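Data first, discussion second: the structure below is written as structure tokens.
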Amino acid sequence: MASILPETLYEIQSQAPAPSKDFHHLVITKNEVTLRSWKISARAEHRKILPREVKKPHNEFVHETMMHRPLEKIFGKGTMEYVLNLCRGQFDFIVRIPNSLKIRILSFLDTEDIKQLSETCKDFQQLCSSEEFWEKMKPKTEMSFNAVNRKISPVSIKAGKHSEKVQGPVWMRRRRNTLF
């Protein structure tokens, strides 16, 4: 599973909180954490300061808490927790796998589960709203609706309920007009 991971696991850049204007760039690779910092100032004495770069292996970064507080102040607590999890080897594999494989996995879900999954994060919302996804799902949904038609006799069910099952849920019929 680790073979699907790219070399760069996470990358973020941000300006330090006010009053500082310094710029910071954080890169997490498979083996190390790299922090680059640029001092930005209008003062003449600060113009000669070169950018700094600090590189640490994952295990050193996790145990050395002196870097954690400034990074948390710059990038936020959520980002710092995510970086620590990456350094501990707790990867989010499902987000990192290729879309074609995600679509193959999602093709086994029913439409209500797909709707709930699309509400979990922005990546899944975009994937579940894409034409590529629904083109792969189309044969499955048509097949399941045809199976419903064959099992139900027209005498046993009123016409209104029968037509609702054939067309599918309301949210699926309107999927081209709205996002989940």
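The values are calculated or read from the model by the stated rules, or taken from the named source; none is laboratory data. Bear in mind the structure is a predicted one, so any value in this text is a computation, not a measurement. Virtual Cβ from ideal backbone geometry, glycine too; neighbours counted across all protein chains shown. The protein model used for the area step is the full one, side chains on, heavy atoms only, and it has no ligands, DNA or RNA in it. Shrake-Rupley method; radii C 1.70, N 1.55, O 1.52, S 1.80 Å.
Odds and ends about this structure:
- Here the label points at Gln90 and Ser107, each 7 Å from Cα along the C-beta direction, are separated by 3.4 nm in the simple model.
- Sites Glu135 and His25, calculated FRET efficiency, Cβ-Cβ separation with R0 41 Å, nearest 0.05: 0.55
- Between Glu72 and Glu45, residue separation times 0.36 nm minus the direct Cα-Cα distance comes to 6.9 nm.
- The length gained on full extension between His63 and Ile97, counted as 0.36 nm times the residue separation minus their Cα-Cα distance, comes to 9.3 nm.
- Here the accessible area of region 79-132 is 52 percent carbon and sulfur, with a 1.4 angstrom probe and all protein chains present.
- Whole-Å semi-axes of the ellipsoid equivalent to region 86-134 (Cα gyration tensor, √5λ, descending): 21, 12, 10
- Database remark: amide H of Val33 closer than 5 angstrom to the amide H of Lys56, His58 (H placed geometrically; neighbours at sequence offset of 5 or more, or on other chains; Pro and chain starts carry no H).
- Diffusion coefficient, µm² s⁻¹, Stokes-Einstein with Kirkwood Rh over alpha-carbon pairs of region 38-88 at 4 °C and 1.567 mPa s: 102 µm²/s
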